[in-house]
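A short write-up of the structure that comes next.
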Amino acid sequence: MQIIHTLDDLHCWRADNTDVALVPTMGNLHDGHLALVELARQHAARVVVSIFVNPLQFGPNEDFSRYPRTLEADCARLKAIGVDAVFSPDATELFPQPQRYHVEPPELANELCGAFRPGHFRGVATIVLKLLNLVQPRVAVFGRKDYQQLAIIRGLCADLNVPVQIVASDTVRADDGLALSSRNGFLSPTERAEAPRLYRLLGEIRQQLVDGKRNFSALENAAAQTLSEHGWRVDYIAIRTPVLELPVTADRQFVVLGAAHLGRTRLIDNIELTATKNL
Ligand code: PAF
C-alpha cells in the first residue's frame, strides 16, 4: 500500500492506476469506513482512501482541533484489508494559499444539519470537489449515515457534471444500534449507554409511518421531547423525502433524520422507509 502525501506523488500513482475508486474520509477509521472500502473494491480495480481533516467544514466553535488524528493506526487497518493507496496530504499541500473559490451549494445546505452548522456543507462540497479533481476516480463512495452530505454531493456532481459515479454505502451499527462514528469515541460510558436511543426513536417514527400515521410534526416533536427528557440537546428530528425536499411531498418514501448532542458530542443518524404495504 502506497502512502501519498503530495500532489506530485498522487499524479504519479494515478498515472499508473487507471480504474480507481476513491473513499474520502477524515481518518480515525472504524468498521463503517472499512465497509466503504469493501464497497469501493467491488466497483474498481484500485482503491484509494483519502484521509484529511478538512478545516473548511468546521465552524469556529466546533471540534476541528480535537478531532482525532490517528494516521498510523488508520494506515495499518487499510493495509490489512488490501487498500492500494492512502492519500493523506498536509493542509499546505491542499491549500498552498487560503482557499478563495468555494462551491456554493443550494438551499438544502442551510436546512437540517446546515441550519446548525452554517457553512458546513459549503466546506464539504468544496473539499470533495477538490479531492475528485485531484484523484479523478471513476467511482467515489460515501456513507448513508451522512445522508444530507450524500444528497449534496450527488447534487454537486450532477449539477457540475463531475465525471464520477457516486456510490452509497449502508450505515454500519454497533450491536445496540448506535451508528458507528469517529465521534463515538468522545462519549463517556454513561453517554455511550444512552446514545442508541436516537436510533431507537427514529425506528419508532419509522414504524408509526408504516402504520399509516401522517401527523409528521407530532411524531418529530414527540421524539425530540423524549430525547430532551433523557438529557440530550436536540438539533432536529425531521421526516423528509429521500431527496430531502422540504416539506414532505410524496406519501410513498421517507427518510427520518435526527441530530442531537449528548454532552459535548453531536450525533446524527437516519432511517429510510421505502415502499411498504401501507405506503
Ligand atoms: O464524511 C466525511 O468524513 C467528510 O465530510 C468528507 C466527505 C471526507 C469531506 O471532508
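Numerical summary
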item: Other-chain or far-sequence residues with amide H under 5 Å of ILE3's (modelled H); result: VAL86
item: Simple label model, 7 Å out from Cα along Cβ direction - SER217 to THR190, nm; result: 3.5 nm
item: Sorted peptide list for 125-138, 189-202, 8-21, 92-105, criterion being average Cβ within 10 angstrom, highest first; result: 125-138, 189-202, 8-21, 92-105
item: Those residues of region 34-52 whose amide nitrogen sits under 19 Å from the label point placed on GLN2, 7 Å along Cα→Cβ; result: 41, 44-52
item: Length gained when the stretch GLU62-HIS261 is fully extended (0.36 nm per residue, less Cα-Cα span); result: 70.4 nm
item: Under Karplus coefficients 6.51, -1.76 and 1.60, residue-wise ³J(HN,Hα) of region 224-239 in Hz, glycine/proline x; result: 4, 4, 4, 4, 4, 5, 9, x, 7, 10, 8, 7, 6, 10, 9, 9
item: Spin-label proximity, GLU72 to region 16-44 - amide N less than 13 Å from point 7 Å beyond Cα toward beta carbon; result: none
item: Using θ = phi - 60° and Karplus 6.51 cos²θ - 1.76 cosθ + 1.60, couplings along region 64-79 (whole Hz; Gly, Pro as x); result: 4, 6, 8, 4, x, 10, 9, 4, 4, 5, 4, 5, 4, 5, 5, 4
item: From phi via Karplus (6.51, -1.76, 1.60), per-residue ³J(HN,Hα) for region 110-120 in Hz, x at Gly/Pro; result: 9, 9, 6, 4, x, 5, 9, 10, x, x, 4
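Values quoted throughout were computed directly from the atomic coordinates according to the rules given, and no laboratory measurement underlies them. Not measured: the values here are computed from a predicted model. Quick reminder, even Gly has a Cβ in these numbers, built from the backbone with ideal geometry, and neighbours come from all protein chains shown.
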